[in-house]
Amino acid sequence: MSTDHQPEELCEALQILRNEHIQLNEQKLDLFEEAGGIMKESSPEKRMEKLTGLRSKVEAFMTALEPHSQKEEGHLFELMASYIGRSHGPIVVMEMEHDQAKELISAFLKETEVMSGNREFVHETCKLIIEAYHVLTSHFMKEEQVLFPMAQNLLSEDEKERLLEAVRELSQ
């Protein structure tokens with residue numbers, strides 16, 4: 001058994017999903033760092049200006065996250081559910097974490113429709129992004145270490161091909 005923790009070989013569709021995590025991880029780390037910095041900002045004007053910038057970045061992140069989520073929820077999770085069920089286990093956890101992250105980000109976007117440089121407002125809204133970062137970081141790790149390898153082993157070649165077609169279609 002290898003001890004260098006090289007990622008297991010995945011079919012093309014699963015590799016595409018894993019590769020999408022790279023860009024999403026970079027974006028979410030940027031959001032996390034920016035939210036933390038805004039919380040330390042002493043000037044109300046600068047807090048508001050930076051929060052406005054963060055909001056734009058969060059909107060761009062959601063534009064990238066949504067198609068990725070659709071590929072997983074609408075296709076990968078559906079295929080996996082036929083093997084492992086969806087009432088408990090990995091699929092229910094993955095769906096719950098998708099919902100949790102989207103709810104946190106949606107709450108941030110709703111709260112920041114009207115901006116305020118008030119320290120408490122900034123702190124509370126930035127905490128939503130920081131929490132979403134933690135949820136998604138854990139979530140992506142579970143997908144890469146558990147769900148994707150499980151799918152690689154369980155899905156038939158035909159199912160992997162159907163998944164690839166769906167992933168490609170949603171990538172356009």
Relative contact order for the chain: what is it in percent, counting Cα pairs under 8 Å that are at least 6 residues apart? 39 percent
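For the ranges 42-48, 13-19, what's the packing order if you count other beta-carbon atoms within 10 Å of each residue, average per peptide, and put the highest first?
Numbers: 42-48: 13.6, 13-19: 19.0.
Going from most to least packed, we get 13-19, 42-48.
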Roll a 1.4 Å probe over the protein chains and send me the accessible area per residue for the chain in Å². 55 Å²
When Rg is the radius of gyration of the Cα atoms in the stretch 9-75 and Rh is its Kirkwood radius, what does Rg/Rh come to? 1.15
Could you give the angle, 0 to 90 degrees to the nearest 10, between helix 12-40's Cα long axis and the longest principal axis of the Cα atoms of the chain? 20 degrees
Cα-based helix-to-principal-axis angle, 44-71 vs the chain, degrees rounded to 10: 10 degrees
In what sequence, highest mean first, do 140-152, 160-172 appear when ranked by Cβ atoms within 10 angstrom? 140-152, 160-172
Using only Cα atoms, locate the centre of the stretch 8-49 and the centre of the stretch 82-122, then give the distance between them in Å, rounded to an integer. 15 Å
For the pairs 50/71; 28/71; 50/142, flag any whose C-alpha to C-alpha distance is greater than 30 Å. 50/71; 50/142
Got a number for carbon plus sulfur as a percent of the stretch 5-143's accessible area, 1.4 Å probe? 55 percent
Convex hull projection area averaged over all views, the stretch 87-143, Cα basis, nm²: 4.1 nm²
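The values are calculated or read from the model by the stated rules, or taken from the named source; none is laboratory data. From a predicted model like this one, the values you see are computed outputs, not experimental measurements. In this analysis, Cβ positions are derived from the backbone assuming ideal geometry, glycine residues included, and neighbour counts consider all displayed protein chains. The area values use the complete protein model at the heavy-atom level, side chains included, leaving out ligands, DNA and RNA. Shrake-Rupley method; radii C 1.70, N 1.55, O 1.52, S 1.80 Å.
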